[in-house]
Amino acid sequence: MAIKITEECINCGACEPECPNNAIYEGGVEWRVADGTTVKGSFVLLDGTLIDADTANAPISVDTYYIVPNKCTECQGFHEEPQCAAVCPVDCCVPDEMYVETVEQLMEKKEKLHV
């Protein structure tokens, strides 16, 4: 499953540079699938929506850092554990029960993001 950042976030920013998929954004910042990935052109989101990878999408959070579930692979294929959770000083990077995915699904997502 993807990782989420809870409201306990203190906005330290330690997690953002650790994400190999560039799935973590500062609150209020628009996100793009293309940011930090090799994706170009059309991309299918987890909910089946087809978007352009360079399209700016509305921030998921305005007040705190946030993780884009469509880009989060829990660091599968990069590290042994989610790096955001490993560096978070307040333990607010936790599994997101809204996005349950197997290791195989996370690896497939990684391959789509980094062709």
message: Would you confirm, using the coordinates I've provided, whether residue 25 is aromatic (Phe, Trp, Tyr) and modelled with pLDDT under 95?
response: no
- prompt: Restricted to segment 5-35, and to residues that are within 17 Å of residue 110 (Cα to Cα) and not in a loop (DSSP other than H, G, I, E, B), which residue is farthest from the chain's Cα centre (by Cα)?
  reply: 18
Matching residues, segment 55-69, being surrounded by fewer than 17 Cβ atoms within 10 Å (Cβ to Cβ), closer than 7 Å to residue 27 by Cβ and not charged (D, E, K, R): 59, 62
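Could you please find all residues in segment 70-98 being acidic (Asp, Glu) and exposed (fewer than 14 other Cβ atoms within 10 Å of the Cβ)?
Result: 80, 81, 91, 97.
The values are calculated or read from the model by the stated rules, or taken from the named source; none is laboratory data. Keep in mind the model is a prediction, meaning the values are calculated, not measured. Glycine gets a Cβ as well: all are built from the backbone with ideal geometry, and neighbour counts include every protein chain shown.
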